[in-house]
Structure formats: structure tokens, C-alpha cells
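The values are calculated or read from the model by the stated rules, or taken from the named source; none is laboratory data. Bear in mind that the values here come from a model prediction, so they are computed numbers and not experimental data. Glycine also receives a Cβ, built like all others from the backbone with ideal geometry; neighbour counts cover every protein chain displayed.
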Amino acid sequence: MTDQTTCRVLLCDDTPEIRMILRTLFSIETELDVIGEAANGAEAVQLVAEHRPDVVVLDLSMPVMDGFDAIPEIAKVSPETSIVMYSAHGSEETRAKALRLGADHFVRKGGDPSVVVGTVQDVCAGG
């Protein structure tokens, strides 16, 4: 994260309800600011290029461009942006592929959604 006190976060998930839950959880944390939302990887890449967020919370399975395809594109347009893959596909193979492609962290969906908030907080704190 940069020297600023607020960590700028972009949410990318094709399910509006997931984005709403995450946005609500992130809004409770004063140091986290959701600066945008994307419904697919192509939108995420475009918004990252425009806004240069500190962190992208990125779903894997999405229309147009999935998370695997979006990871290297996000890294290309904004290398300083950290990527937290947030996916229901939690196999070790999926996790390893996401990290190999350039994701910084992998959080499995389906459990307590506050885990992804904590992961983003850790990333923003330099962890």
C-alpha cells in the first residue's frame, strides 16, 4: 500500500449479492475504501487501469474474462496493485495456479467472508 491512510479496494465478482456483502463488510473498516466494482475480469482490468487501486478482490469464475485471465492483465496495467483471489474453487491446484499467475493471496469463498476483509487489511498493512 502507499503512504495514504486509506487502502483503495476494487471488488470484482459477477454476483451482485457477493459484491454487496463485501462492500458492506469493507465499509465497516474505516481504513478500507471500495473505489469501484466490476462484474467480470475485463471490467476489472479497465477499472484497475483507470483507478490504480491498492488491492483487487478478484473472483475466478466470471463471464467475458475469468480471474485467471485477468490476473496477468491487471499486473500489466498496474503492477503495484495487489490481487486477492476470492473463489469457491478452492483446490490446491486452483490456488497454486492463481499464485503462479501473479495473485498475491488466495481466499476460499464459502466460509466467513470477514476472512477476505482481514486478508485485504493484512495486504494494506504491508503483509
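For Arg108, are the conditions met, namely being basic (Lys, Arg), surrounded by fewer than 20 Cβ atoms within 10 Å (Cβ to Cβ) and more than 19 Å from Asp14 (Cα to Cα)? No, not satisfied.
Reported count of residues in segment 98-127, each being at pLDDT below 95 and basic (Lys, Arg), is 2. When segment 27-66 is filtered for residues that are within 15 Å of Ala98 (Cα to Cα) and free of Cβ contacts under 8 Å to residues at least 40 places away in the same chain, the ones remaining, listed by number, are Gly41, Leu60, Met65, Asp66. If you go through segment 84-117 and keep only what is touching a residue at least 60 places away in the same chain (Cβ under 8 Å) and over 21 Å from Asn40 (Cβ atoms), you end up with Ser114, Val117.
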